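Colleague: Here it is, the structure, as structure tokens.
We did not get these values from a lab; they are worked out from the coordinates using the rules stated. Quick caveat, the model's predicted, so the values are computed rather than measured. Please note: Cβ atoms are built from the backbone with ideal geometry, for glycine as well, and neighbour counts cover all protein chains shown.
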Amino acid sequence: MQLRGKVALVTGAAQGLGKGFSEAMLNRGAKVALVDMNESMGRETEKELSVKYGYDNVVFLRCDVTNKDQLESVFRRTVEEFGTLDIVVNNAGVSKRSHWELILEVNLMETGPVYSAAKHGVVGLSRSLGLGPHLLQRGVRVCALCPTQTDTDIHPARLQRDPEMQKMADEHWRLVDSEGGLIKISQVVDGFLQLVEDDSKNGAVMRVTLQRGVDYQPYGRGGEGVPYTRRAARSKLRNTEQVSDFFIPAWKMFRS
Ligand SMILES: NC(=O)c1ccc[n+]([C@@H]2O[C@H](COP(=O)([O-])OP(=O)(O)OC[C@H]3O[C@@H](n4cnc5c(N)ncnc54)[C@H](O)[C@@H]3O)[C@@H](O)[C@H]2O)c1
């Protein structure tokens, strides 16, 4: 898919990866609705990107994605603003971790059943939507992008005031350091552009890691997904793939 002239909606776009994805698409000539619950940061990003890429190409829409009415409203308002919608980037994630989230993360990290289940869920949903005949027939692609620990504000500060929080932050950073540290947003953005621009990628699960760079989670036949053609949709009806395997977070929907 050529990005020039396309319209994208990006959740969690005020900062971090969402901002990186938004800027990359603007840079390729797309128009972007920046959706975020953080109004002040969102407005700041809207201003910064509007100055760079044109006021007609960027809009900030405040929304908490956990609120169904707000979410429906930003889809409607994006179409009102730009006339259509081609790409949805479902990226929003918790940034400042609360005490209990950090506790859960750190305590579950070793065995990680909940963590792992959540990640399987997102990937399973993306593959199921992407490879199922329903969306294939409508020309909608769905892919998952799974970066390793990336250099954004989502990570807890290294120094904490509360000793208990400090202990947990130390555990977090020990884990990050043991994996070789953080990767750059730009490395994840490179992978993102590949997923968006390559129409043969559908139901694909891309990983971006320090060790291997950009690659795809293999799932046997069709590991990089299948093109979204009516023929593929019919064959999927005959050969239902088993959805298995791992990991997380930002999953994307692309419309042809
Ligand atoms: N940074 C990493 O190491 C990493 C690794 C893998 C996956 N991810 C995932 O990538 C996504 C982006 O993470 P990031 O590192 O850029 O985080 P970030 O904290 O830098 O940015 C997240 C953005 O999402 C927004 N947000 C959070 N909850 C929201 C909600 N309910 N409604 C609307 N906006 C909301 C925040 O305001 C913030 O602007 C997240 O889903 C995260 O889980 C991040």
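Colleague: Ranking request for peptides 187-194, 81-88, 10-17: highest mean number of other beta-carbon atoms within 10 Å first, then the rest in descending order.
Modeller: 10-17, 187-194, 81-88
Colleague: Another question, then. If Lys and Arg each add +1 and Asp and Glu each add -1, what is the summed charge of the other residues whose beta carbon sits under 13 Å from the beta carbon of S186?
Modeller: Computed value for this residue: -1.
Colleague: Where the centroid of each part is defined by its Cα atoms, how far is the range 154-169 from the range 193-207 in Å?
Modeller: Spelled out, the Cα-based centre of one part sits 36 Å from the other.
Colleague: Hey, could you get me the Stokes-Einstein D for the range 144-218, Kirkwood radius over alpha-carbon pairs, 10 °C and 1.306 mPa s, rounded to whole µm² s⁻¹?
Modeller: 115
Colleague: Which values of log₁₀ I(q)/I(0), to two decimal places, follow from the Debye formula for the range 1-60 at q = 0.18, 0.20 Å⁻¹ with a uniform point scatterer at every Cα?
Modeller: -0.48, -0.60
Colleague: One-quarter of the Cα convex hull surface for the range 15-91, in nm²?
Modeller: 4.6
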